[in-house]
1. When region 154-163 is examined, which residues are found to be more than 33 Å from the chain's Cα centre (by Cα) and either loosely packed, with under 15 Cβ neighbours inside 10 Å or under 21 Å from Gly60 (Cβ atoms) (or both)?
2. Within region 408-451, work out how many residues are surrounded by 13 or more Cβ atoms within 10 Å (Cβ to Cβ) and in a loop (DSSP other than H, G, I, E, B).
3. Restricting to region 223-254, what's the tally of residues that are in contact (Cβ under 8 Å) with a residue 40 or more places away in the chain and either more than 21 Å from Asp284 (Cα to Cα) or surrounded by 13 or more Cβ atoms within 10 Å (Cβ to Cβ) (or both)?
4. I'm trying to understand the selection: among the residues of region 715-726, which are under 33 Å from the mean Cα position of the chain (by Cα), in a loop (DSSP other than H, G, I, E, B) and of a type outside the set (S, T, N, Q)?
5. Take the residues in region 197-222 that are of a type in the set (Asp, Glu) and either under 40 Å from the mean Cα position of the chain (by Cα) or surrounded by 12 or more Cβ atoms within 10 Å (Cβ to Cβ) (or both), then tell me which one is farthest from Ala287 (Cα to Cα).
6. Do any helices (runs of 4 or more DSSP H) entirely within region 601-714 hold 2 or more residues that are over 27 Å from Lys338 (Cβ atoms), and if so, which?
7. Can you name the residue in region 329-366 that is part of a loop (DSSP other than H, G, I, E, B) and among the aromatic types (Phe, Trp, Tyr) and, of all such residues, is nearest to Ile283 (Cα to Cα)?
Amino acid sequence: MMQIHRSFVTLLSLLLVSLLTAESQAQSTPAGALIPNGQFELDQDGDQWPDGWAKVNSGGKWVEEDGNHFVRMTSPSPGTMVMMYQEIAIPAGVEAIEFSWKQRIRGLKVGKQSWFDARILMEFLNASREKVTPTPRAPASRSDTDGWVEKSSTFLVPEDAKTLKFMPCLFQVHSGTFDLDDVVLRSVDATPIRREAEAAAAERQEKLAADAAKRRSKAASVLAEHRSLITNGDFETDAKSDGWPDDWGRLKVGGSWEQEQDNHFLRLKSPAPNTMVMAYRTIDLPAATEALELTWRQRVTGLKKGTSPWFDARIMMEFLGVDGKKLKQSPSPPYSQKDTDGWTDRSTQFLVPEDALTLVLMPSLFQVQSGTLDLDDFALRPVSPDALIAAAKQREAEAKARYVPPEQPKRSNWPSELRVVGNRLHDTNGHEVWLQGVNAGGLETLPHDRQVIKSVVVAIDQWHANCVRVPMNEAFWYGKSAYQKDGGKEYREIIDQIITLAANRGVYVVIDLHRFRAPKQEHAEFWNDFAKRYRDHPAVLFDVFNEPHGVSWEQWRSGGWIGEKSGTDESAFLSDEVKKKNQGFHSIGMQGLVDAVRGTGAKNIIIAGGIFWCNDLSGITRGYALDDKTGNGIMYSWHTYNWHTDWEDKMLATAAQHPIFLGEVGADTKKMDFVPADDQEDPYTWVPDMLGFIQKHRLHWTGWCLHPKASPVMISDWSYTPTPYWGEFAKQALSGRKFPLNKTR
C-alpha cells in the first residue's frame with residue numbers, strides 16, 4: 001500500500017510540473033504564435049538553453065541581460081557556419097505567416113561571398129519532407145545594428161507545406177555576433193499579402209519584358225551588322241589596347257590571348273590537374289529565334305582527361321530567361337577527349353526554348369589533368385528549326401519504343417542446355433545447334449543504357465537471331481562508374497532482364513566481358529561472381545575475355561608478366577587510361593578464367609578468344625588449347641573484319657577440332673582511322689563472301705553491331721533500319737538466305 005501511495009504522489013508531481021510548464025509557455029507565447037517560448041525566457045529542464053529550441057552546435061549561447069534572456073550566435077573562427085536549426089509545424093489552414101523578431105548585430109565582418117552574412121534562412125517541406133516553393137526571402141544584414149532593432153516580414157505558405165525550416169545563422173562570416181530575441185511566427189490573412197505579391201510580380205514582369213525587348217532588338221542589330229550574334233568571334237579586335245580581345249571576359253585562370261602569324265585566338269590551358277579553366281560569355285538572342293547554329297575552330301593538344309568521364313575539353317551552354325534564371329532546357333555540350341590533328345572546324349545546332357533571352361557560352365577545360373584548348377572564329381546564327389524538331393520527335397518516338405516490359409522467367413520456353421561434341425554444339429537431345437545472331441552493344445560503355453534491352457528483343461523477334469552477344473563491363477557490374485550511385489544494382493538488373501527475355505524466347509545469350517590485352521585477377525573474380533549467379537542457366541554462355549592481343553600463346557594460356565606491346569596496333573578506339581592499364585601487370589591467362597568459372601561448379605559453355613585481337617586461333621592446335629575437365633566444353637572465338645586476311649590459316653585448323661564462335665564480324669563504308677584505308681575492302685564485296693564462308697563451315701556467329709554508332713554498324717538508327725552494306729545482308733542470312741563463297745581472303 002505504501003508503494004502505491006508513493007507512485008501516486010510521484011505521478012501527481014509530474015503532472016503538476018507539466019501543467020506549470022505548459023502554463024508558463026502559454027504566458028510567454030503571444031496568442032496565435034506557431035512556436036512557443038519565442039522570447040527565450042523558459043528553461044524548465046535547467047539545461048541552460050531555452051525550452052523548445054534546438055541547440056546551436058558551435059558558437060551558440062543562452063544569454064541574460066538585465067533580466068532578459070535571448071540567444072546569441074558568435075563566429076568562433078573565420079568561415080565557420082553558426083546556425084540554429086528549428087523545424088516548425090504548420091497547422092492546417094495557414095496560408096500566410098507574419099514573422100517578427102528583435103536582433104542585435106555587433107562586430108560583423110562578412111565572408112567572401114555576397115551571402116556570407118547574418119541572415120535567417122527559411123524553407124518549406126511537404127509531408128514527404130521534400131522542399132516546396134516559393135521559399136521565403138531570407139532577411140539578411142551585412143553591418144552592425146545600433147543596439148537592438150525590431151524586424152518583421154510576411155510571406156505566403158505553399159499549399160502543400162507542412163513544415164517550416166527556421167535557420168537563423170552567421171553564414172560563414174569572418175567574425176561577428178548575432179543576438180536574437182522575441183521571435184514570433186503567427187498566421188495572418190493571406191489576401192493582402194497575395195495581392196501585394198501579385199502586383200509586385202506584375203510590375204517586375206513588365207519591367208523585365210521591356211528590358212528584354214530592348215535587348216532582343218539590339219541582338220537583331222548585331223546579327224544584321226556582323227552576320228553573327230557573337231561579336232569579335234575571331235578574337236582580332238582589341239580596341240582598348242589592354243592585351244585582351246574586346247567583348248570577351250578575362251578568364252580567372254588559364255586563359256591567354258595568342259597570336260600565330262597574323263591570326264589571333266583564345267587559349268585555355270590547364271595550369272594544374274583538376275583545375276577548372278573556363279571562358280564565360282552571355283549572348284542575347286533576337287525575337288522569334290527558334291534554333292541556332294554555333295560554328296568555331298578548335299585545336300586540342302596534350303589533353304589528358306580528368307577523373308570523371310565528362311572531365312574533358314567541352315563547350316557548355318545554357319539558356320537564361322528574361323528574369324536571368326537558368327532554364328531547364330540546355331544544349332548538349334560538344335566535347336573532345338583526345339588531341340586534334342591541328343585546327344579543326346566544328347559546329348553544332350540546337351533548339352531554343354520559347355522563353356529564352358540569353359545563351360550562356362562556356363568553353364572550358366573541365367577539370368582535366370592537363371591540356372590546351374585553342375579556340376577561334378566563333379559564329380552564332382539563327383537557323384531553321386525544322387530538321388531539329390523532326391530529329392527530336394524521332395528521338396521521343398524511339399524513347400517510347402525503347403521500353404520493353406520485364407518478364408518473369410518462363411522455364412518451359414527456355415532453350416536446351418548446350419555441350420561441345422567434337423567441333424559442334426549439341427543440345428540435351430543430341431541435336432546439333434548452330435548459333436547465329438548479332439551483338440547488342442551499349443552496356444560495355446554506358447552502365448545505364450537500356451536501349452540494349454530493346455535491341456535484344458528486336459534481334460530475336462525481327463532479325464530471327466537464335467543467339468545474342470551482349471558486351472559488358474565488370475566495373476559497371478560492381479557500380480564503379482562515375483555515373484553509378486547504386487553499387488551496380490540497376491546494371492545487374494538490366495543484364496538479368498536481358499537473359500530472361502532471351503531465354504523466354506528460346507534464345508541463347510553470350511555474355512562478353514569486353515576487355516582487352518590479357519586477363520587479370522579482377523576478371524577472374526568477376527567470373528567467379530557471375531558464374532555463381534548463372535551457374536548452369538541453359539541460355540547463358542560465358543565469353544570470358546573479349547580481345548587478347550600483344551601476348552604470346554604461352555602468355556595467352558598460362559599468363560605471366562605483360563609489358564609494353566609491339567607490332568600492329570588496333571587500339572586507337574581505347575582511351576589512354578585503358579591503354580595504360582593494359583600494360584605492366586601480371587596476367588592469370590585464359591586458363592585462369594576457365595578455372596574461375598569451373599571453380600563455382602558452373603558447366604556453362606565457355607568461349608575463349610584467340611590472340612591478335614581475337615583474329616588468330618592458330619595456336620590452339622599447336623598445344624595451347626585450354627583444359628576443361630568438368631564443364632560442357634569450350635568454344636574458341638574468332639573476330640574478323642574487312643581488313644583481316646588469311647581466314648583459313650588463322651582459324652580452319654582449329655575449326656576442324658573445336659566449335660568456332662565468330663563473336664565479332666562486319667564491314668563498314670566508314671573507314672577505320674587506325675587501319676590503312678586501302679586495306680579496308682568494300683563491304684559490298686566483302687560481306688557476301690564472309691557470310692558464304694560462315695555458312696560453308698557452319699561457324700557460329702554474331703555480327704557487330706546492332707547499334708547505329710558502334711562501327712561496323714548493322715543499323716542506321718534506333719528504328720533498327722538495316723544498313724544496306726552490312727545489316728541488310730546479315731538480316732537476310734539470319735532469315736535463311738544462302739550466300740555463295742566466291743573467294744576467301
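The values are calculated or read from the model by the stated rules, or taken from the named source; none is laboratory data. The structure displayed is predicted, hence computed values, not measured ones. Glycine gets a Cβ as well: all are built from the backbone with ideal geometry, and neighbour counts include every protein chain shown.
1. Across region 154-163, the qualifying residue is only Glu159.
2. Adding up the residues that qualify gives 22.
3. 8
4. Listed by number, the residues that qualify are Asp717, Trp718, Tyr720, Trp726.
5. The extreme case among them is Glu198.
6. 647-655, 683-697
7. Phe366
Each row is one residue, and each column tells you yes or no for (1) more than 30 Å from Ala224 (Cβ to Cβ); (2) without any contact (Cβ under 8 Å) to a residue 40 or more places away in the chain; (3) exposed (fewer than 14 other Cβ atoms within 10 Å of the Cβ).
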position: Lys328; (1), (2), (3): yes, yes, yes
position: Arg346; (1), (2), (3): no, no, no
position: Val352; (1), (2), (3): no, no, no
position: Thr358; (1), (2), (3): no, no, no
position: Glu396; (1), (2), (3): yes, yes, yes
position: Arg402; (1), (2), (3): yes, no, no
